[in-house]
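The values are calculated or read from the model by the stated rules, or taken from the named source; none is laboratory data. As the structure is a computational prediction, the values presented were derived from the model and not from experiment. Note that we place each Cβ from the backbone using ideal geometry, even for glycine, and neighbour counts take in every protein chain shown. Note: areas computed on protein heavy atoms with side chains; ligands, DNA, RNA excluded. Shrake-Rupley method; radii C 1.70, N 1.55, O 1.52, S 1.80 Å.
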Amino acid sequence: MRRLRVGVLDLVGNGPLSNTWNRVMQPNFASIMPQVIGVWCEQAGHDVTFVCYTGFEDLARELPSDIDLLFIGAFTNAAHMAAAISSQYRRQGAATALGGPHARCYPEDAARYFDYVLGFTDRATVLEVLRDCAPHRPVGLRLGAIKQPAQLPGVRERWKFIEPTIAKAPAIKVVPMIGSLGCPYTCSFCIDAQVDYQPLGHEQIQEDLRFLLHKQKRPRVSWHDPNFGVRFEETMTAIEEAVPPGRIDFFAESSLSILSEPHLHRLQKNGFKAILPGIESWYTLGNKSKTGRNVGLEKVKQVSDHVNTILRYIPYVQANFVLGLDDDSGDEPFELTKLFVDKTPGAFPAYSLLSAFGQAAPLNLELQRAGRVLPFPFHFLDNNHAMNVRPKNYTWTELYDRVIDLRKHSFSWRSIGRRFAANHGLLACSLNLLRAVSSEGFGRIRYDTTVRSLLDTDASVRAFFEGETTVVPAFYQGMVQRALGTLCESLPAGAMEHDPNAFLKAQPTPAPLH
Ligand code: B12
Ligand code: SF4
């Protein structure tokens, strides 16, 4: 095989960014897989240029123009940027490959703009692309392993890509690690609902942690496991054997059912400083939060007590909620969440608007069948800038009024003050304050208020939300154009639109009955 010049681009940002929160934190949201791809390409004998784009780099300077093959890792909110970059590189003679959440969720659409669209990606998948490395146009080749890889290169092998990425973070520097793939739970809105739980080797984790202890004085590790600690005993024993208690700070996403008090005690002893449990809804998913049949107010009380207990052991807790679920109706779910915020002042509430990411989740098929999925441009599909599912039990204005009211309550100076007083340590206090006053808290109140007023004043916005037209309103088109800047010129024709029902249309037609 000839020696290729390979570019690997991790799109953490989806356009040039400013504000302090992004400057401080974006490099810490880098993905593991682009680093893995870089390692596999080098091991196969190719030259790799790796760039993690956080919203502050000049890509034209950092990414050489004469590469043979460009891998891009992108979430859906970076799909336009990825398509524009792909189009530039294809014009310059390179082949391009897209991987990551967007490729998994919208493969049909992505195949219009990339030569390869990768689903589950293991070493064999990458070697196949390297061997072929050719243009596939107008429709790209869709490749993927049948399941998640059994092994991934560890921190030592990825270090040459991790080091320059975290060097961009001015203060808090976080190393991404992973100990398992998939999840045993089956939350119908989740991309991992049908992906088997699969632990990765403990020897690898231990070697990575030991390596980090030699590299950094006080490492910080963020676990990218979809649900950390499913095999709690084994995972913690592996960590304890490799790391003296409290020498590394750990952050993880974990479900409440895993966070019992004895487990919390052990997490605390081992330096876990941030936990992000998913509460999602007051009416469903009781198994995940260990609340059984308790719903509504009873569930709020139980979960709030539980989260307050977590806060006694772990200084930083982000409680994740999904707004606009079909089980919600009226004021009650929102009032219950406000009550949770009041009863649990130390937790940072993170809200996601119900989103159907293409073929990510089983629920999406149902929503597409019901004609409820809207073609918001990908740029806005990040759980916040748009809800691309028409709500079942609310009109849009009813929903937005309640979402804004909840956000205002959660990020009122009263709640911010109570959160600050309930938090311990500089990190928790300062991060929560920064998040509340920057794009996340105040910023989303401003943004949602604009959208809410457009629903009253801009007929094109209202018609789009109601599903009466698929023409993307000027307000959204303008935002994408401003976000992409000069890259917008390279956005392929038609890339602003997508078919929101592509998943449904790709289903095999049932055999005729005889
Ligand atoms: C860990 C995680 C995070 C972490 C780390 C993010 C990161 N950069 O990786 C944090 C907390 C920072 C995060 C943030 C966000 N996240 Co997140 N996150 C996850 C989570 C829980 C696990 C993903 C993971 O790493 N899995 C392990 C990897 C190895 O497996 P995998 O993702 O399946 O990847 C396989 C293939 O896709 C492929 N692959 C993956 N990347 C690449 C790259 C290349 C180049 C190639 C070739 C292949 C490839 O190979 C892998 C092995 O088969 C998922 C939910 C879930 N249960 O999966 C959500 C998820 C990925 N996040 C999601 C979202 C929306 C976000 C945010 C936008 C939320 C927000 N509003 O802030 C941000 C965006 C961050 C960013 N980079 O822009 C969505 C993405 C949907 C979409 N289509 O875009 C998901 C699916 C959750 C959901 N809502 O359904 N997230
Ligand atoms: S527990 Fe989390 S990762 Fe697992 S299926 Fe539910 S939402 Fe997905």
**OP:** Output ³J(HN,Hα) for region 336-344: one whole-Hz value per residue in order, computed from phi by the Karplus curve 6.51 cos²θ - 1.76 cosθ + 1.60 with θ = phi - 60°, and x for Gly and Pro.
**Re:** 5, 5, 4, 4, 4, 4, 5, 7, 10
Original post:
Can you list the residues, at least 5 places off or on another chain, whose amide H is less than 5 Å from the amide H of F250, using H built in the peptide plane?
Top reply: V221, F272, K273, A274
**OP:** Would you give the gap between the C-alpha center of region 324-349 and the C-alpha center of region 442-514, rounded to a whole Å?
**Re:** 28
**OP:** Could you check what % of the DSSP bridge pairs in the chain are antiparallel, to the nearest 5?
**Re:** 5
Original post:
Stretched out fully, how many nm does the piece from V295 to E57 gain, at 0.36 nm a residue minus the Cα gap?
Top reply: 81.0 nm
Original post:
Rounded to a whole number, what % of the accessible area of region 82-238 do carbon and sulfur atoms account for, probe 1.4 Å?
Top reply: 52
Original post:
Spin-label point model (7 Å from Cα, Cβ direction): what's the E366 to L339 distance in nm?
Top reply: 2.6
**OP:** Would you mind checking which residues have amide H under 5 Å from F348's amide H? H placed 1.01 Å from N; only 5 or more apart, or other chain.
**Re:** V317, Q318, A319
Original post:
Got the relative contact order for the chain handy, in percent, Cα pairs under 8 Å and 6 or more residues apart?
Top reply: 13
Subject >> Added length on full extension, which subtracts the Cα-Cα distance from 0.36 nm per residue, T20 to Q194 >> reply: 58.9 nm
Original post:
How much accessible area per residue does the chain have, in Å², with a 1.4 Å probe?
Top reply: 41
Subject >> Of K173/K217; K147/K168; K160/K217; K273/K408; K343/K408, those spanning more than 22 Å from alpha-carbon to alpha-carbon >> reply: K147/K168; K273/K408
Original post:
Across region 368-385, in residue order, what do the Karplus-derived ³J(HN,Hα) couplings come to in whole Hz, using 6.51 cos²θ - 1.76 cosθ + 1.60 with θ = phi - 60° and x for Gly and Pro?
Top reply: 5, 4, 7, x, 9, 9, 9, x, 4, x, 3, 3, 8, 8, 9, 6, 9, 6
Original post:
In the chain, which Cys residues have no partner Cys with a Cβ closer than 4.7 Å?
Top reply: C41, C52, C105, C133, C183, C429, C488
Original post:
What's the extension gain from K269 to F475 if we count 0.36 nm per residue and subtract their Cα-Cα distance?
Top reply: 69.2 nm
Original post:
Got the relative contact order for region 407-488 handy, in percent, Cα pairs under 8 Å and 6 or more residues apart?
Top reply: 18
**OP:** Just tell me which aspartates and glutamates come within less than 12 Å, Cα to Cα, of K215; anything on the same chain fewer than 8 places away is out.
**Re:** E163
Original post:
What is the spin-label model distance, in nm, from E203 to K215 if the labels are put 7 Å beyond Cα along the C-beta direction?
Top reply: 2.1
Original post:
Residue by residue through region 87-103, which ³J(HN,Hα) values in whole Hz follow from phi under the Karplus form 6.51 cos²θ - 1.76 cosθ + 1.60 (θ = phi - 60°), with glycine and proline marked x?
Top reply: 4, 4, 6, 5, 4, 7, x, 8, 9, 10, 10, 10, x, x, x, 5, 5
**OP:** Estimate the FRET efficiency between S329 and K408 by the formula 1/(1 + (r/R0)^6), using the beta-carbon distance for r and 22 Å for R0, to the nearest 0.05.
**Re:** 0.55
Original post:
Accessible surface of Y197 in the full protein assembly, 1.4 angstrom probe, to the nearest 10 Å²?
Top reply: 50
Original post:
Roughly speaking, what is the centre-to-centre gap between region 245-261 and region 382-420 when only Cα atoms are used, to the nearest Å?
Top reply: 28
